Amino acid sequence: MKKLISLVMMSILIFTLVGCNKKKEEVTTTKKNVKIESETTTKENESDNKKENESDDKKQSEEKKKAVLFFSDDQAMYLEKEEIEVEELNAEVLINKLLEGPKQKNHYAVLPKEAKVLSVKVKDNTAYVDFDKSISKKLSGSSAEATMLVNAIGATLTLNKDLNIKNVQLLIDGNKDTVLGPIDISQPIKVDMSMIK
């Protein structure tokens, strides 16, 4: 009888140990599955983030707007177009781009680099571009130079249709009843379309 009880006890002990090991293996296997699932989820998240970043970059490049600036040709007789891309399309940005000067070969600046723009405002489809009085001193005094400058500003602002600017009024220190070189700027600019190539 002692042998029988010992045998039953041993069997119970063996079954208990074997059953515990199976549960331990199941727990370990479950942990591995969770870890694998976690790694897969992390990789999927990284892939999604990469796709979102690429999409954002694509949107930013798509958001750039095309614009046209007008600069003097090499003979100072005509205005030539120079296409650019800008993040934000408005009158102030384009005037600042004119100040920076052309990027293309055989195009020449129409604004003196030292010219100071006090403000650029748009009201009722009219752009008001206010320069510091020193701009008059920066011009050589020739009517050809002043004509190029006035027409380049006018063409740049009115021919970029997305700006919806119909008129351009130049100001010197806030005053429109003045001249720019030999050009009377008391009235809005009338662009001479024959100057544009």
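Each reported figure results from applying straightforward, stated rules to the coordinates on display, with no laboratory input. Please read all numbers here as calculations on a predicted model, not as lab measurements. Neighbour counts run over all protein chains shown; Cβ positions are idealised from the backbone, glycine included.
Structural remarks
- Per-region count, region 98-111, residues surrounded by fewer than 18 Cβ atoms within 10 Å (Cβ to Cβ) and at negative phi: 7
- From the options 127, 155, residue that is buried (at least 20 other Cβ atoms within 10 Å of the Cβ) and either assigned to a helix (DSSP H, G or I) or at positive phi (or both): 155
- Yes/no for residue 186 being within 30 Å of the chain's Cα centre (by Cα) and over 12 Å from residue 70 (Cβ atoms): no
- Residues of region 95-124 that turn out to be under 28 Å from residue 164 (Cβ atoms) and part of a loop (DSSP other than H, G, I, E, B), as a count: 11
- Of all residues in region 70-94 being part of a loop (DSSP other than H, G, I, E, B) and without any contact (Cβ under 8 Å) to a residue 40 or more places away in the chain, the one that is nearest to the chain's Cα centre (by Cα): 87
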